[in-house]
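To start, the structure under review is shown below, and the notes come after it.
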């Protein structure tokens, strides 16, 4: 398989994984606004927070290969881009499976009690790890000799295909969060929030909406502005839009991390601290690190 096809396959696989992760990601946010969330034990709420953090880590790891490919590798199909995508996708599976187990625990503890919740959560996690990690490692082979020689330059067609795929990788997380944000404003629990967190939620909603618009724009520009033709100018525009979308997406996610932590802890200080840490971590991982990496190796 040519290296360009291998990279596109890696991106498609990240897209498949993030489509599964977005359901759990949305649950972690939306659950705190449901009527029966107050019936969950205090310990269950803290575990729910842990699940939110784990799903945030998983989503950030799955989005990162798209940004790394554009920032570090300049959109070129290089072995390093494939290795990075493979490593980050593999790393994302652990918080994803544990997050799945936590979601199952919170749900089944509320319905049937703590013992059943522990059994369900442990079972979900074990089954997820067995399939997602166990089967993959059991079938692993040494593929080093099969890696094709890389060409000097990636074709423009492949660059554009990969850039559009990367937009499709990132957008599900934004879609899931935007849907939650819109629905949450119609709940009684949202109306009971302090004004600070209502405004914070609305600001986060606007940021995520902007991110989704930016991620949809390359497809529209390619079709309307360039009639679907491959053009270096379009690749540059699209690449910058995909990278730029990560900033409001990080702001939106972090804003509602603060809202969720306030709903579960009742502490403004803890909530704002959690949101600030999430924002710093996302921007550092998605943008600061790849920019530093590119500058370091370009020197």
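Side notes on the structure shown:
- Any hit, the stretch 91-109, residues being over 30 Å from residue 267 (Cα atoms) and modelled with pLDDT of 90 or more: yes
- Among residues that are on the phi > 0 side of the Ramachandran plot and either over 12 Å from the mean Cα position of the chain (by Cα) or assigned to a helix (DSSP H, G or I) (or both), residue 51 is not included.
- Odd one out for residue 230, checked against (1) in contact with a helix residue (DSSP H, G or I) (Cβ under 6 Å, 6 or more places away or on another chain); (2) assigned to a helix (DSSP H, G or I): (2)
- Residue 146 being under 30 Å from residue 206 (Cβ atoms), modelled with pLDDT under 85 and surrounded by fewer than 21 Cβ atoms within 10 Å (Cβ to Cβ): no
- Verdict on residue 176 being without any contact (Cβ under 8 Å) to a residue 60 or more places away in the chain, closer than 19 Å to residue 22 by Cα and part of a helix (DSSP H, G or I): no
- Some residue of the stretch 274-291 being farther than 19 Å from residue 26 by Cα and assigned to a loop (DSSP other than H, G, I, E, B): no
- Filter pass, residue 36 being touching a residue at least 40 places away in the same chain (Cβ under 8 Å) and farther than 26 Å from residue 284 by Cβ: yes
- Filter result for residue 16 (out of contact with any helix residue (DSSP H, G or I) (no Cβ under 9 Å at 6 or more places or on another chain), over 20 Å from residue 258 (Cα atoms) and either crowded, with 21+ Cβ neighbours inside 10 Å or at pLDDT below 90 (or both)): yes
The values are calculated or read from the model by the stated rules, or taken from the named source; none is laboratory data. Remember, predicted model here, so these are calculated numbers, not experimental data. A quick note on method: Cβ atoms are made from the backbone with ideal geometry, for glycine too, and the neighbour counts reach across all protein chains shown.
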